[in-house]
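The values are calculated or read from the model by the stated rules, or taken from the named source; none is laboratory data. Just so it is clear, the model here is predicted, and its values are computed rather than measured. Glycine gets a Cβ as well: all are built from the backbone with ideal geometry, and neighbour counts include every protein chain shown.
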Amino acid sequence: MSKVPDTSAPLTELIRDRWSPRSFDESHEVSDQELLAILEAGRWAPSAMNAQPWRFSVAKRGTDLHKEMSMALSGFNRNWAPTASALIVVSVKKDEDGNSSKRNFYDAGLSVSLMTIQAQALGLHSHQMSGIDFEKMEMVLATPADLEVAVAIAIGRKDEPGKLEGSAQERELAPRTRLDLTEVTLHGLP
């Protein structure tokens, strides 16, 4: 199944071919080396003043932690994410006053973006999820008080959309779309 988007300009294959499936191959096992490569990509993301405000929690399918992390996802995600080969939860450092930090979230987003591209380069797919019971996930991970959970990422090899049901299957089969470039560029579109 091809999910190649219609773009205004040619993109590198890793970006062009990237998409976020919900149907993951339950027989696929991600290797430790693949997970290390994905985490290293995230570690080497740019960050303001090289603060590296992200922290990763990783669990492979079949472990108790993977099951607990899956149960801390919101209902819709809880239905399909347990089939992913691994889950990575990204937490973000709070500011000096213990408040959420926009700058740190931005930097963590760069880290997640590079992990996504690295997974793609390894022939894997990823799906980022903000549908999380954040309080429950922080309890599952015993998240330190100076951190807050930001996003969960499912990693694995995509499978056939037919194993999904209802709206999940519809979303899996739908073409990839984005707002038109004229809608997201406020100034200076060439």
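If you go through the stretch 146-190 and keep only what is among the charged types (D, E, K, R), part of a loop (DSSP other than H, G, I, E, B) and exposed (fewer than 10 other Cβ atoms within 10 Å of the Cβ), you end up with just ASP180. Looking across the stretch 140-190, just one residue is of a type in the set (A, V, I, L, M), without any contact (Cβ under 8 Å) to a residue 12 or more places away in the chain and farther than 29 Å from ALA9 by Cβ, and that is ALA142. The set of residues in the stretch 95-105 that are in contact (Cβ under 8 Å) with a residue 40 or more places away in the chain and either within 16 Å of MET49 (Cβ to Cβ) or in contact with a Pro (Cβ under 8 Å, 6 or more places away or on another chain) (or both) comprises SER101, ARG103, ASN104, PHE105. Among the residues of the stretch 2-29, those that are under 18 Å from the mean Cα position of the chain (by Cα) and aliphatic (A, V, I, L, M) comprise LEU14, ILE15. Residues in the stretch 23-44 that are in contact with a Phe, Trp or Tyr (Cβ under 8 Å, 6 or more places away or on another chain) and modelled with pLDDT of 95 or more: PHE24, LEU39, GLY42.
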